[in-house]
Amino acid sequence: MIALRDEIPLIQLTDGQAVAFEREWLTRSLTRAARKAGYPQWWLAEHVTESVAEFLRNQRELTVLPVERLGEAVRGALQVIGYGEIAQHFLPGRPCVRLSLITLALEAGTGYELAFFELLSRRVQELACEDGCNFELSGLEPAVKLLRGRKVWCRDCDHLQAEIISYVREQTALVAGSNEVNFALG
């Protein structure tokens, strides 16, 4: 038997991948749609998210819900509460993608910063080209130590860490263009 988190069905994305429903993902998508509809500080996004989560929890016969049906449910809820203009702009973006910098550093090999930056560039380009993209890069400090071949943090590590942060910001801005992209680096 499969135990679903919060008894909410998995969401099947358009590429066929099934992911857990994330409230933050839906809230972000609602907020983006509200901004496009002329509501820069729409306070109902979290409330609508909770209503949709409750709707999903009551879909007991489903273990996987296509993202298109999720979108229909959200647009329907927005219509019912009188925010049809937000419903017109609503598209469920992709959930947060998590990428380990440690994995990239291991793949690049110890001391191969150029290979690391090439891998990082490719991944950021893949992630940031989509409007409404949200991604998280984790393991910055351990990745820096791996690339420097250090067990203990040193001054060189500070420099490389700053370089990676700057590089991710520049690459994201370059690839994203006018798309809305959010990322966290830690």
Gain in span if fully extended, Glu180 to Glu163, counting 0.36 nm per residue against the direct Cα distance: 3.8 nm
Extended-chain gain in nm, criterion 0.36 nm per residue less alpha-carbon gap, Glu85 and Ser138: 15.4 nm
Packing rank of 13-24, 138-149, where each peptide gets the mean count of other beta carbons within 10 Å, highest leading: 138-149, 13-24
Residues Glu118 and Glu68, FRET efficiency given R0 of 41 Å [Cβ-Cβ distance, rounded to 0.05]: 0.70
R0 of 25 Å, Cβ-Cβ distance Ala20-Lys151: FRET efficiency to nearest 0.05: 0.10
Rounded if a/c under 1.5, otherwise prolate or oblate - the stretch 1-129, Cα gyration tensor axes: oblate
Bridge type composition, the chain - antiparallel percent by DSSP, nearest 5: 15
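All of the numbers you see were taken from the coordinates with simple rules; none came from a lab. Remember, predicted model here, so these are calculated numbers, not experimental data. Every residue, glycine among them, receives a Cβ derived from its backbone with ideal geometry; neighbour counts consider all protein chains shown.
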